[in-house]
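Trainee: One structure is given below, represented as structure tokens, and several questions about it will come after.
The values are calculated or read from the model by the stated rules, or taken from the named source; none is laboratory data. Fair warning: this is a prediction, and the values are worked out from it, not measured in the lab. Backbone-built Cβ (ideal geometry, glycine too); neighbour counts: all protein chains shown. When the accessible area is computed, the model is the full protein with side chains, heavy atoms only, and any ligands, DNA or RNA have been set aside. Shrake-Rupley method; radii C 1.70, N 1.55, O 1.52, S 1.80 Å.
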Amino acid sequence: MKTLVKLEITRTLRNKKFMFFSVLYPAALYLLIASGAKSDEKLGDTGLTFPVLYMVSMATFGAITAVLIGNAERIAKEREKGWVRQLRLTALPGRGYVTAKIASAAVVSLPGILVVFGIAAAVKGVRLEAWQWVSLTAVIWAGSCVFAALGVAIGYLATGDAVRPIVMIVYFGLAALGGLWMPSAVFPHWLQTITEYVPTHAYAGLGQAIERGDAPGARDVLLLVGYLALFSGAAAWLYRKDTHKA
């Protein structure tokens, strides 16, 4: 499994197009949208300024880009080319393959998080305590595993031709409903109620709590753990189903 993780990380880092969208694209969006925002005006009940609030949004957005799109499309293509069938002939167990995909995707999500943080600090003057920077990096990085598992599930659910439109609908839908592009406080009340149960909303909520100097909310943590179990279980079931087909 360690060998497969190393192989997946190397392949991803060599993909310049993928690295652009997962590392530079979120940072560019942050600069574009937060450039004109005031650095001393707090937004509503959040207690945070827009540059600080949006920093977490774009860091989580970049992490999701890296683990969701990359995993889903790569797995669907590997299934079509017969690579997954070849791996089944080795000693690698099914759970090892799924775990390797999730772990390797989580590793390559880290650069995007750090770049957004660096841009926010250098350009918008975002200042946090040292423990907050470390905690933010840790929770956003760890939380990306939830969406890495979702990417694995989609990769086994969709064919190579259908995977891109499916993953893009899921990707943009989760980003919009989770309040990553704009604060969910501006949504209609009925939509705000729905966003409370969207994994991206809980994911961003972890970072926002740390930015306020608080511990991540238990509800957000439990929600993400539940989604991780759901997506991982779906990925494992779809993997076994694909094995029977083969």
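Trainee: Taking H placed 1.01 Å from N in the peptide plane, check which residues at least 5 places from Leu48 or on another chain put their amide H under 5 Å from its amide H.
Mentor: Leu43
Trainee: Give me a comma-separated list of calculated 3J(HN,Hα) values for segment 199-204, in order, Karplus coefficients 6.51, -1.76, 1.60 applied at θ = phi - 60°, integers in Hz, x for any Gly or Pro.
Mentor: Listing the rounded values in order: x, 5, 5, 5, 4, 5 Hz.
Trainee: Using +1 at the Cβ of each Lys and Arg and -1 at the Cβ of each Asp and Glu in segment 2-241, identify which of Ala76, Phe21, Val52 lies farthest towards the dipole's positive end.
Mentor: Most positive-ward Cα: Ala76.
Trainee: If you don't mind, there's one more thing I want to ask. How would you rank 221-232, 157-168, highest first, on the average number of other Cβ atoms within 10 Å across their residues?
Mentor: Ranking, from highest mean packing down: 221-232, 157-168.
Trainee: What is the Cα centroid distance between segment 161-202 and segment 99-114, reported in whole angstrom?
Mentor: 21
Trainee: Now, a different point. Heads up, I need the accessible area for Ser35: 1.4 angstrom probe, whole protein in place, Å², nearest 10.
Mentor: The accessible area of Ser35 comes to roughly 80 Å².
Trainee: Could you compute how much accessible surface His189 exposes when probed at 1.4 Å, giving the result in Å² to the nearest 10?
Mentor: Surface open to solvent at His189 totals about 140 Å².
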